[in-house]
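In what follows, a structure is listed as structure tokens, so that the remarks can point back to it.
The values are calculated or read from the model by the stated rules, or taken from the named source; none is laboratory data. These figures come from a predicted structure and were not determined experimentally. A quick note on method: Cβ atoms are made from the backbone with ideal geometry, for glycine too, and the neighbour counts reach across all protein chains shown.
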């Protein structure tokens, strides 16, 4: 890796950002205080073993996120910002056409007024409707449960966006020239949260959003590993799927709804 | 009935050339819109990440649905062996091919990556209804093409019945497939309904026939051929039946939804609070698109008044566009429920009605598709002898069919 | 074997035949070279990832294969990775500038032959044509880099400051 941990000079649009840099220190063992103590023990316990580069992913793992909405502060967008930075998602023509791989959603109970803040992203379903409807097979689910768009064969028909029950996908509405090396993206194709697949493949054991979340609301882990922090918390504390009635068995689970 | 003379249309009259010029103009507009959208990206159109399929899809799906319906006349002639319709069958097949081509071209040019047509053809996900539709569309061209051949070439005429029946079955599957594009979407409130597939079939009957009627009447008028009342009356009665059936399906669709509490919000949006969408529904789809045409077709009127039929057909077409607009845009602008009992809000239209305002580019692209379809029909009539020189009452002799 | 792969296989085979065909036809001249016959821009390493004639004739095949391996199986070996080609091949010229693929008459390594042979690629509509270290500015300490950005255009060092907006800093 020729990439270096010196801060980028390029301000907000920089690709190698502090988070990236921070990750390296973090994985390297310097558990900075800012990491959020809730996250740290889990990560150390299961420090995910790096997969050899030439080994294919397998269904031994199923990656997912557990989001504890009670820890989400009102109006906090740290995870959104981190995601946008890591993937070079810059504002272009306004919220409705710009990419939003994560968005901050506020829920208000119609009767009680109870308010919940939470991040929404691709829920990485086990039975993803986007994959079913895609005419070319560009929408696909990797063996380890990550739902991706193979942008090389995406024709931009947007049927997957019609099918997604979470509105988690964005269509690239304009040409881009400011991509970061790890997140190629261009006009006319559909994209969504990749669960930071490049970080997972490298064995970083976390995602940009989980890492950026200082309150520890987002936990990344292996749902297939019963010893992982995420599995243990799910079995002891429980966690809900959004739109569970659709039986999609999502890889992203929520607490505090 | 026996000795009908089929001829091509005159290919260099000022009227013919004028028509071509008009088509050419809209073709150029459509092409210009495509080039601009392709160069700039879709942000210049009205589409957003919330309203994903916009006006081009309204046009495209209308044309595709109508294509299948335009084949009706031929189907009645061949598959059901009604000799009265036989002189009308060839135009019906060509119109079907033309409309499908026009619709598909809009669909194709509105893709994010139209340059990847080769990918769309070589990669198939067989679980996708959309991929199935690609196969259905290609098959439609092939089958209707063969069918047309059996009608034009006396040497293969003996296969006409088989080809006609195959085309009939194929096109039922095709429209079912088109309807299922929406029927299979579990995500959105307005779409997850099995009734959408048969509803699309019946919609196709009426839109396709309306277009057929207009093309037939225009051709006979502009080429100075005689078109008898017998033909018009039959076709307009048929149109009336189809329009009524479409209305029935729309009623069932909305009544079913009204029965399901979960869908009340959606129905209130379409039927009462949706502003433009609501107006489109009541005025476009119901009043002007269905009731008025029914009145025009069935109410007694001065004999031989063709104007009523023309107006009725035009209204059915516009009403059909409105109906598809309501299904497509209305279905997408209505928000999804993320967590029941909670109202959502976000930077991305969660919990609110999204807005969609079509851009001129989308309109130009859609009209370009219509121009493609009409161009193919017009050229088809010039190249092949599609229509009898006369369809006067004497010739068609309705009582013998 | 997945039936979905069959068309892809056929396509790849056709592409291959086609590329071999046009290679045999010799309708491209090879990358830009200086007077000494060295490739410009100068690659960062000594050797390519494959013998020169192999990579010249087959790089598309390697890349397309790698693409599927990475996308679908998460295999991230470096040998045929597009990112690594760029890291090694897209280096600054003597003026410190990294050429961009979509420039007219581009001096970018991956554009040199393609433009001459009229091969159209869409890869760089999505993939960046600049090496990863162009993004991390290893030569400058952070605060220095920041002041570079704020300094008037004329006083900026021409080569190291690359903004990630993608506009290669012609004027800087």
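Filtering the range A:114-163 to residues that are free of Cβ contacts under 8 Å to residues at least 12 places away in the same chain and part of a strand (DSSP E or B) leaves only A:140. The single residue among B:240, B:331, B:265 that is farther than 22 Å from residue B:51 by Cα and assigned to a helix (DSSP H, G or I) turns out to be B:240. Within the range B:116-146, the set of residues being assigned to a helix (DSSP H, G or I), in contact with a helix residue (DSSP H, G or I) (Cβ under 8 Å, 6 or more places away or on another chain) and within 13 Å of another protein chain (Cβ to nearest Cβ) comprises B:117, B:118, B:120, B:121, B:122, B:129, B:130, B:132, B:133, B:134, B:136, B:137. For the range A:59-70, name all the residues that are modelled with pLDDT under 95 and crowded, with 19+ Cβ neighbours inside 10 Å. A:61, the sole residue that qualifies.
Listed conditions (1) within 7 Å of chain B (Cβ to nearest Cβ); (2) more than 23 Å from residue B:346 (Cα to Cα) are all met by residue A:103, apart from (2). Selection within the range A:179-193: residues that are closer than 20 Å to residue A:135 by Cβ and part of a loop (DSSP other than H, G, I, E, B). The member of this set that is farthest from the other protein chains (Cβ to nearest Cβ) is A:192.
Among the residues of the range B:153-176, is there at least one that is within 14 Å of another protein chain (Cβ to nearest Cβ) and closer than 26 Å to residue B:235 by Cβ? There is no residue in the range B:153-176 that is within 14 Å of another protein chain (Cβ to nearest Cβ) and closer than 26 Å to residue B:235 by Cβ.
Going residue by residue through the range A:150-158, is there one that turns out to be under 25 Å from residue A:219 (Cα atoms) and within 17 Å of the chain's Cα centre (by Cα)? There is no residue in the range A:150-158 that is under 25 Å from residue A:219 (Cα atoms) and within 17 Å of the chain's Cα centre (by Cα).
Only one residue in A:108, A:85 is over 23 Å from residue A:160 (Cβ atoms), without any contact (Cβ under 8 Å) to a residue 24 or more places away in the chain and not in a loop (DSSP other than H, G, I, E, B), so which one is that? The conditions single out A:108. Confirm whether residue B:106 is under 18 Å from the mean Cα position of the chain (by Cα), modelled with pLDDT of 95 or more, within 14 Å of chain A (Cβ to nearest Cβ) and crowded, with 20+ Cβ neighbours inside 10 Å. When the stated conditions are applied, residue B:106 passes them. Criterion first (surrounded by 24 or more Cβ atoms within 10 Å (Cβ to Cβ), facing chain B (nearest Cβ under 9 Å) and out of contact with any strand residue (DSSP E or B) (no Cβ under 9 Å at 6 or more places or on another chain)) does residue A:164 satisfy it? The answer is yes for residue A:164.
Each row is one residue, and each column tells you yes or no for (1) closer than 30 Å to residue B:233 by Cα; (2) assigned to a helix (DSSP H, G or I); (3) away from every other protein chain (no Cβ under 13 Å).
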{"residue": "B:350", "(1), (2), (3)": "no, no, no"}
{"residue": "B:354", "(1), (2), (3)": "no, no, no"}
{"residue": "B:366", "(1), (2), (3)": "no, yes, yes"}
{"residue": "B:375", "(1), (2), (3)": "yes, yes, yes"}
{"residue": "B:395", "(1), (2), (3)": "yes, yes, yes"}
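On the given criteria, is residue A:171 at pLDDT 95 or above, touching a strand residue (DSSP E or B) at 6+ places or on another chain (Cβ under 7 Å), surrounded by fewer than 22 Cβ atoms within 10 Å (Cβ to Cβ) and facing chain B (nearest Cβ under 9 Å)? Against the criterion (at pLDDT 95 or above, touching a strand residue (DSSP E or B) at 6+ places or on another chain (Cβ under 7 Å), surrounded by fewer than 22 Cβ atoms within 10 Å (Cβ to Cβ) and facing chain B (nearest Cβ under 9 Å)), residue A:171 does not qualify. Mind checking which residues of the range B:190-210 are surrounded by fewer than 23 Cβ atoms within 10 Å (Cβ to Cβ), in a loop (DSSP other than H, G, I, E, B) and in contact (Cβ under 8 Å) with a residue 40 or more places away in the chain? Answer for the range B:190-210, where residues must be surrounded by fewer than 23 Cβ atoms within 10 Å (Cβ to Cβ), in a loop (DSSP other than H, G, I, E, B) and in contact (Cβ under 8 Å) with a residue 40 or more places away in the chain: B:191, B:193, B:195.
When residue A:176 is tested against the conditions (1) under 25 Å from residue A:104 (Cβ atoms); (2) surrounded by 24 or more Cβ atoms within 10 Å (Cβ to Cβ); (3) within 11 Å of chain B (Cβ to nearest Cβ), the lone failure is (2). Does residue B:315 satisfy the condition of being farther than 30 Å from residue A:117 by Cα and surrounded by 22 or more Cβ atoms within 10 Å (Cβ to Cβ)? Against the criterion (farther than 30 Å from residue A:117 by Cα and surrounded by 22 or more Cβ atoms within 10 Å (Cβ to Cβ)), residue B:315 qualifies.
Inspect all residues belonging to the range B:253-260 and state whether any of them is within 30 Å of residue B:221 (Cβ to Cβ) and surrounded by 16 or more Cβ atoms within 10 Å (Cβ to Cβ). There is no residue in the range B:253-260 that is within 30 Å of residue B:221 (Cβ to Cβ) and surrounded by 16 or more Cβ atoms within 10 Å (Cβ to Cβ).
When the range A:133-144 is filtered for residues that are buried (at least 22 other Cβ atoms within 10 Å of the Cβ) and either touching a strand residue (DSSP E or B) at 6+ places or on another chain (Cβ under 9 Å) or more than 7 Å from every other protein chain (Cβ to nearest Cβ) (or both), the ones remaining, listed by number, are A:133, A:134, A:138, A:139, A:142, A:144.
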